[in-house]
Structures are given as structure tokens and as C-alpha cells.
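What follows is a set of notes on a single structure, which appears directly below.
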Amino acid sequence: MAKTSLDKSKIKILLLEGIHQSAVDNFLNAGYTNIEHLPTSLDEATLIEKIRDVHFIGLRSRTQLNERVFAAAEKLVAVGCFCIGTNQVDLDAALARGIPVFNAPYSNTRSVAELVLAESIMLLRGIPEKSASAHQGGWMKSAKNAHEARGKTLGIVGYGSIGAQLSVLAESLGFDVIYYDVVTKLGMGNARQVGSLEELLARADIVSLHVPDLPSTRWMIGEEQIALMKPGSILINASRGSVVVIEALAEALEAGRLNGAAVDVFPVEPKGNNEEFVSPLRGLPNVILTPHIGGSTLEAQENIGIEVSEKLVTYSDNGTTITSVNFPEVALPAHPGKHRLLHIHDNVPGVMSEINRVLSENDINILGQYLQTNERIGYVVIDVNKDYGPKALEALSRVDHTKRVRVLYSESSYEG
Ligand SMILES: NC(=O)c1ccc[n+]([C@@H]2O[C@H](COP(=O)([O-])OP(=O)(O)OC[C@H]3O[C@@H](n4cnc5c(N)ncnc54)[C@H](O)[C@@H]3O)[C@@H](O)[C@H]2O)c1
Ligand SMILES: O=C(O)CC[C@@H](O)C(=O)O
């Protein structure tokens, strides 16, 4: 259905999970003043209530946007994941409603790589246990199980943005780097790709996981895979909690098969800083546990705030969907003096000809038309030089298979 025109100040933006102030500033500078900025995520019931009148939502990794939440989100125009991962959002449910989802695919990669590198050295030296002991008044002065990084083999599983950066940093410290990826990739520096996960596990002194949450990566490191790792080796997981069977890791550490671990992400994570963190890894020596802060540096968060808010503002002001993770990507020019229609529909034959028929019947001349489709939906943007008018808009919203119609009036005004 086409809806009535909205002033920018009435467009409601909900930002959850302590998204950086840079995002708020960006929205304000672009004229969006109706912003609710919360420090935590919301449980499902509260989110369902709140999202009913929200046009844009920003979240990080804790907030679950599932089918039930989308069903209540009648006014939602777009979603911004102020992070890399988008597994917390049901992308199909968003697509089915014509809602694009954006993220920040690179802004925190350096932060994660630096943390993993630091943890590698700490674990090779047994620092977590020695430090904890010193805090209790102990004095574990010993070289037992303490090693230099130089000449050790770092095995990276998932050689994408983070894995590749880690590879470069680790080589500069003297690590030999091998990696396993489902895609054949050129190694940075002297890093070498190996043919199988099994080979990597058998060769590496430290295994670091950097794969996305996918059906194929779920629980990919369990008892069987840990048994293939070198005795006394180290496992690091700063990817997603669903990648490692945490009980199997705890058993291997307790049995002394592995010498240490660093884990930043967990199958179940507290919803906020006041909820207790429960894990079988708690209390184990030479294990670094961090509260999903691989990407939590001020530098990364500020950049993410700017990047994702810009994507949302650009979509709102001009319809551009470039880099959306679920939506047909369209790069659009500015539209001074033109009225811009955004029409989102099921990708089935005949919709475009129906839209063009309505335009022609209403004597509307097309100045520019941009169409992009994926296997599920079509996204067409049509610039014209006169007001669409309620009759044409109504007819366009009644075209079979229409999901959404929005009009961006000349340059900056908005209908949503
Ligand atoms: N701890 C944190 O705070 C934090 C911060 C940022 C990202 N992450 C997570 O880190 C992970 C990696 O991020 P990225 O930006 O490097 O992703 P990316 O998409 O750039 O790289 C992922 C790589 O994994 C590979 N891959 C996919 N399935 C695989 C499989 N079954 N086996 C081996 N390789 C496989 C892909 O081909 C790709 O090269 C993601 O899960 C992301 O959510 C965590
Ligand atoms: O900031 C977060 O909550 C998530 C960080 C990280 O896991 C990501 O996917 O970018």
C-alpha cells in the first residue's frame, strides 16, 4: 500500500545495544531527529511492542529480529546491523517484506585480528593462569609450556576479511601461517592454503576460527575435530558461538589435550552486562574468556556508526541499496527536481509491464528507470518530473505482487 507522506522528523529510528554516538550525529545531520538510542538489546516481547511504529532499526549481535518481530514491524523500512554478522536477523523474513538489511562488513576486522594475535602470544606463554595466580598471591615463575610465537604454525579457518588480516599481522611476528577456506584464495605473504580442515587441524600449533555462521559451519569444531588437533595446541574462536561445540572444548582442556583457548563468542550469550555469563569454560586455567568484544574498540565502533547510518540515510533519502546483504543492489543518482518512486514486488513475470501501464494511463512520463532483481524480489526505481498523485499511487500499490511503494519527492521529502 502507498502511505501518506512523512516529515523526516516523524521517521522513527530505534538504535539498540549502545550503538556509537557517531550514528546518532549522522542521522541528526541528515535531518532525522526522532531517534531512540538505547544501551541494551530488548527481549522479544518488548521489541515486538516497540517496533510497531519504527521505520529504521539499528542493532548489533544480541538483538534477534525473527519472523515474529518482523510480523509486528508494519512500518519498518530498513535494518542496520552495526557489525559484520547478520545471522541475528532473519534475512528471508526481511526480504519477504521488502526490507533491505545493511551491515558494516569491514569496519571492525582489524580490531578482531589484533585481539586474536595478542591472545595467541598470551596463551603460548600461559599468561592467563600465571596472571590469575599472581592476583591471588601466587608466583608461577616457570618456562614449562611457555613458547615463543616465532616459528609456530598458526592455522586460520576462514580466510576472509579477518582471517587474511590476521595472517599478515601473524607473519610479521614470525608465525608460519596456513589456512583452510572453502574457496580457493591467494595467500597473503607466505601463507599457504591447505586442502582440508583435517590437514590444518593436524599441522597447526594454534587454530583460529574466522568463518561466518552458516548451516555448514555450525558445530564444525567438535570432539572429532579437536581430537585431530596437535596435543598441547591452542584453539581460538572469535567468529560465532555456533561454530564450536563448547562442551567438547571444555573436556579437551580439562583433560590437558589442549594447552589453552581464547573464546569471545558463545552458543548462549548474556543479553546485557547485568546477566550472568554461564559456560563450561569458566574457571579453566589458560583460557581467556571475553564477552564478545572482538570488534569492540572505540575506533571500530565509531567507524561502524558512521558507515551503517550512512547506508540507512542514503536508502531513506535516495533509495540506494548498494551493499545490502539481502536486497537487489541499485546505485542511484541524486534526483533534484524529480519525484522518485520505489516499487518493491515479487519477482514474477508481468509486474513491470503492469507498472508501466499504470504510469502511461496516468500520463506520467518516465525520466529514469532503474531495475534490479534477485531470485525473490524486484526493486524498481522510477523518476518522473511531476507529482505521482494519489490516483496513480493507489493504482501502483494495487499492482499484483506489490510489496511496498514509497515516493521520495523532489530530493529530500519522504513517503514511507
Ligand atoms: N568477535 C567479534 O566481535 C567479531 C567481530 C567481527 C566479525 N566476527 C565474526 O567473524 C567471522 C568472520 O568475519 P569476516 O569478516 O572475516 O567474514 P568473511 O565473510 O570476510 O570471511 C569468512 C570466510 O570464511 C570462509 N568460509 C565459509 N564457510 C567456510 C567453511 N565451512 N570452512 C572454511 N571456510 C569457510 C569464506 O569463504 C570466507 O573466506 C564472522 O562470523 C563474523 O560474524 C566476530
Ligand atoms: O558488536 C557486536 O555485537 C558484534 C560484533 C561482531 O560479532 C560482528 O559481527 O561484527
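The values are calculated or read from the model by the stated rules, or taken from the named source; none is laboratory data. Please read all numbers here as calculations on a predicted model, not as lab measurements. Neighbour counts run over all protein chains shown; Cβ positions are idealised from the backbone, glycine included. All accessible areas refer to the heavy atoms of the entire protein, side chains included, with ligands and DNA or RNA removed. Shrake-Rupley method; radii C 1.70, N 1.55, O 1.52, S 1.80 Å.
Any idea which residue in the range 265-316 is surrounded by the fewest Cβ atoms within 10 Å (Cβ to Cβ), counting only those that are of a type in the set (D, E, K, R), out of contact with any Asp or Glu (no Cβ under 8 Å at 6 or more places or on another chain) and in contact (Cβ under 8 Å) with a residue 60 or more places away in the chain?
If we filter the range 265-316 for residues that are of a type in the set (D, E, K, R), which is where we start, we get 269, 271, 275-276, 282, 299, 302, 307, 310-311.
Cutting the leftovers down to out of contact with any Asp or Glu (no Cβ under 8 Å at 6 or more places or on another chain) gives us 269, 275-276, 282, 299, 302, 307, 310-311.
Okay, now just the ones that are also in contact (Cβ under 8 Å) with a residue 60 or more places away in the chain, so 269, 299, 302, 307, 310-311.
Values: E269: 16, E299: 11, E302: 15, E307: 21, E310: 17, K311: 22.
The extreme case among them is E299.
For the range 87-96, check the following and say yes or no: at least one residue is of a type in the set (D, E), closer than 27 Å to L342 by Cβ and in a helix (DSSP H, G or I).
Initial filter on the range 87-96 (of a type in the set (D, E)): 90, 92.
Among the residues that remain, those that are also closer than 27 Å to L342 by Cβ are: 90, 92.
Next cut, in a helix (DSSP H, G or I) only: 92.
Looking for residues that are of a type in the set (D, E), closer than 27 Å to L342 by Cβ and in a helix (DSSP H, G or I), one finds at least one in the range 87-96, hence yes.
Any idea how many residues of the range 70-100 are in contact (Cβ under 8 Å) with a residue 60 or more places away in the chain and farther than 18 Å from D346 by Cβ?
Residues in the range 70-100 being in contact (Cβ under 8 Å) with a residue 60 or more places away in the chain and farther than 18 Å from D346 by Cβ: 11 in total.
Can you find a residue in the range 266-278 that is on the phi < 0 side of the Ramachandran plot, among the polar types (S, T, N, Q), touching a Ser or Thr at 6+ places or on another chain (Cβ under 8 Å) and more than 13 Å from ligand 2 (Cβ to nearest atom)?
No.
Return yes when A164 is open to solvent by less than 40 Å² (accessible area, probe 1.4 Å), modelled with pLDDT of 95 or more and in contact with a Gly (Cβ under 6 Å, 6 or more places away or on another chain) and no when it is not.
Working: open to solvent by less than 40 Å² (accessible area, probe 1.4 Å): yes; modelled with pLDDT of 95 or more: yes; in contact with a Gly (Cβ under 6 Å, 6 or more places away or on another chain): no.
Answer is no for this residue.
Regarding G31, is this residue within 16 Å of ligand 1 (Cβ to nearest atom), touching a residue at least 12 places away in the same chain (Cβ under 8 Å), small (G, A, S) and surrounded by fewer than 21 Cβ atoms within 10 Å (Cβ to Cβ)? So that I can check it myself, show each step before the final result.
Working: within 16 Å of ligand 1 (Cβ to nearest atom): no; touching a residue at least 12 places away in the same chain (Cβ under 8 Å): yes; small (G, A, S): yes; surrounded by fewer than 21 Cβ atoms within 10 Å (Cβ to Cβ): yes.
Here the answer is no, as G31 does not meet what is asked.
Yes or no, residue by residue, for (1) in contact (Cβ under 8 Å) with a residue 12 or more places away in the chain; (2) more than 28 Å from the chain's Cα centre (by Cα):
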{"position": "L341", "(1), (2)": "yes, yes"}
{"position": "N347", "(1), (2)": "yes, no"}
{"position": "M352", "(1), (2)": "yes, yes"}
{"position": "D363", "(1), (2)": "no, yes"}
{"position": "Y379", "(1), (2)": "yes, no"}
{"position": "V384", "(1), (2)": "yes, yes"}
{"position": "G389", "(1), (2)": "yes, yes"}
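Go over the candidates K152, K130 one by one and state the one that is open to solvent by 10 Å² or more (accessible area, probe 1.4 Å), free of Cβ contacts under 8 Å to residues at least 60 places away in the same chain, away from ligand 2 (no atom under 16 Å from the Cβ) and out of contact with any strand residue (DSSP E or B) (no Cβ under 8 Å at 6 or more places or on another chain).
K130
Kindly indicate the residue of the range 317-328 that is open to solvent by 30 Å² or more (accessible area, probe 1.4 Å) and at pLDDT 95 or above and also nearest to ligand 1 (Cβ to nearest atom) among those meeting that condition.
Going through the qualifying residues, I end up with V325.
Against the definition (surrounded by fewer than 18 Cβ atoms within 10 Å (Cβ to Cβ) and of a type in the set (D, E, K, R)), how does R340 come out, yes or no? First the steps, then the outcome.
Working: surrounded by fewer than 18 Cβ atoms within 10 Å (Cβ to Cβ): no; of a type in the set (D, E, K, R): yes.
So R340 does not fit the description; no.
Check whether at least one residue in the range 107-118 is out of contact with any helix residue (DSSP H, G or I) (no Cβ under 9 Å at 6 or more places or on another chain) and either open to solvent by less than 40 Å² (accessible area, probe 1.4 Å) or within 16 Å of ligand 2 (Cβ to nearest atom) (or both), and report yes or no. If you could, list the steps in order and put the result at the bottom.
Filtering the range 107-118 down to residues out of contact with any helix residue (DSSP H, G or I) (no Cβ under 9 Å at 6 or more places or on another chain) leaves 115, 118.
Checking which are either open to solvent by less than 40 Å² (accessible area, probe 1.4 Å) or within 16 Å of ligand 2 (Cβ to nearest atom) (or both) leaves us with 115.
Yes, that holds for at least one residue.
Answer yes if at least one residue in the range 361-370 is open to solvent by less than 40 Å² (accessible area, probe 1.4 Å), of a type outside the set (F, W, Y) and closer than 25 Å to V24 by Cα, and no otherwise. So that I can check it myself, show each step before the final result.
Our first condition is that a residue be open to solvent by less than 40 Å² (accessible area, probe 1.4 Å); within the range 361-370, this holds for 362, 364, 368.
Cutting the leftovers down to of a type outside the set (F, W, Y) gives us 362, 364, 368.
Imposing the further condition that a residue be closer than 25 Å to V24 by Cα reduces the set to none.
For the range 361-370, residues open to solvent by less than 40 Å² (accessible area, probe 1.4 Å), of a type outside the set (F, W, Y) and closer than 25 Å to V24 by Cα: absent.
If we keep just the residues of the range 230-245 that are among the polar types (S, T, N, Q) and within 20 Å of the chain's Cα centre (by Cα), which is nearest to ligand 2 (Cβ to nearest atom)?
Step one: of the range 230-245, the residues among the polar types (S, T, N, Q) are 233, 237, 239, 242.
Then keep just the ones that are within 20 Å of the chain's Cα centre (by Cα); that gives 237, 239, 242.
Details: N237: 11, S239: 8, S242: 12 Å.
Checking each candidate, the answer is S239.
Might you let me know whether the range 120-135 holds any residue that is under 30 Å from the mean Cα position of the chain (by Cα), within 17 Å of A262 (Cβ to Cβ), of a type outside the set (F, W, Y) and within 16 Å of ligand 1 (Cβ to nearest atom)?
Yes - at least one qualifying residue is present in the range 120-135.
In the range 88-100, which residues are surrounded by fewer than 21 Cβ atoms within 10 Å (Cβ to Cβ) and within 13 Å of ligand 2 (Cβ to nearest atom)?
If the condition is that a residue be surrounded by fewer than 21 Cβ atoms within 10 Å (Cβ to Cβ) and within 13 Å of ligand 2 (Cβ to nearest atom), then Q88 is the only one that fits.
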